[in-house]
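To start, the structure under review is shown below, and the notes come after it.
The values are calculated or read from the model by the stated rules, or taken from the named source; none is laboratory data. Here the structure is a predicted model, which means the values were calculated and not measured. Here the Cβ positions follow ideal geometry from the backbone for every residue, glycine too, while neighbour counts run over all protein chains shown. Accessible surface areas use protein heavy atoms only, side chains included; no ligands, DNA or RNA. Shrake-Rupley method; radii C 1.70, N 1.55, O 1.52, S 1.80 Å.
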Amino acid sequence: MKKIFVLFTLILFLGGCSDYKEVNEMAIISGIGLDYNENGFAVTLEVLNEKVDKKDGKISTYTRTAQDKSIAIALEKAADLLSHRAYYSHTKLVVISESVAKNHLQEIADFFIRSTYLRENFNIVVSKDISPEDVFLAKTEENPIASSSIITLLQTNAFASDYTIDKKFHIVLQEILDFGKDTSLSVINVVDNNFFIDGMAVFDEYKMIDIFSNEDAILYNILRNEIRKPLFNLYYEGDSFAIALYDIKSKIGVTKDEIKVDAVYRAKIMNNGPNFDIKNAEVLTALDEDFSKLLNEKLEAFIRKTQEANTDFLGLAHAYYVKSRDKNDELWQHAKISTNVKVVINKKGLVYSIYENN
């Protein structure tokens, strides 16, 4: 909310006091929703309400939705429903429906590239089981601006569970256009007006072909070294304990016949449910080996899943092209997978700091 007040203040100071009337005549668009049905594109604008509650200083939003066969005309129709001129320069989020993600992303991308309204530094996500319009209507007193709440969710998840796919539009477009690469996006869902990340949408060029799980998103972030502290459970005799990975170094090599992952991950014990004697060097060595085996299995299964789904958001064909200069975008789908992942548990851990690493 402070950012919004800063925004208004900056506009005033940069433009001078004489521009106060002009600012009041702007409808600042914080988010855009894009859906598609038999009637064409439905465009929803989330607009910052210029009337701030004087008692508590809270800013609210309202939405306007319009539809047309053309996305450009649908956007203009939605803007025509506003009492002030639409201002898009501070739009931070675009929410697209599954129907758009499956069949109309190329049209959307082409419109954004040609548009003189929008900058390309906005986040883009896919809504699941809910329309983009309803996403922007899902707000609470604590989180009155849906687009800001979703962006905050993406940012804070990157410091917690690590299954966020936090990408700006220009990065998504670059991944689609680069040879041997596909893209992926976070999926947003809503329950009781609370937003949560509900998987990872994966693409083959401009077409969404599946939604992978949050754990898949974690594995993806591990392989691209874009992760901070993912948690995994090890199971023994019906019990479990949690380990957090850190200091992640993954390297993917692609040859004509093989996809090879070499990695060393350090880990911290978060809780010891089975009550193993973690001061015993033999026990710790066994845990290193077991957790290494678990990660090898998970990463191999994940890469195989991308092969079967025909989505190369890992950029395997691109990696092979960079190395060999051979533009073969199908070879990776049939290559065998080899993982050499080693996990080393920090003997101090986070909870148990009573022994040293031998």
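Quick look at the values:
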read-out	value
Extreme residue, farthest from T183 (Cα to Cα), among residues of region 110-135 that are assigned to a helix (DSSP H, G or I), of a type outside the set (D, E, K, R) and at pLDDT 95 or above	V135
Meets criteria (in contact (Cβ under 8 Å) with a residue 12 or more places away in the chain, within 17 Å of the chain's Cα centre (by Cα) and at negative phi) for I243	no
Only one of A72, A79, A42 that is open to solvent by less than 30 Å² (accessible area, probe 1.4 Å), among the hydrophobic types (A, V, I, L, M, F, W, C) and over 24 Å from the mean Cα position of the chain (by Cα)	A79
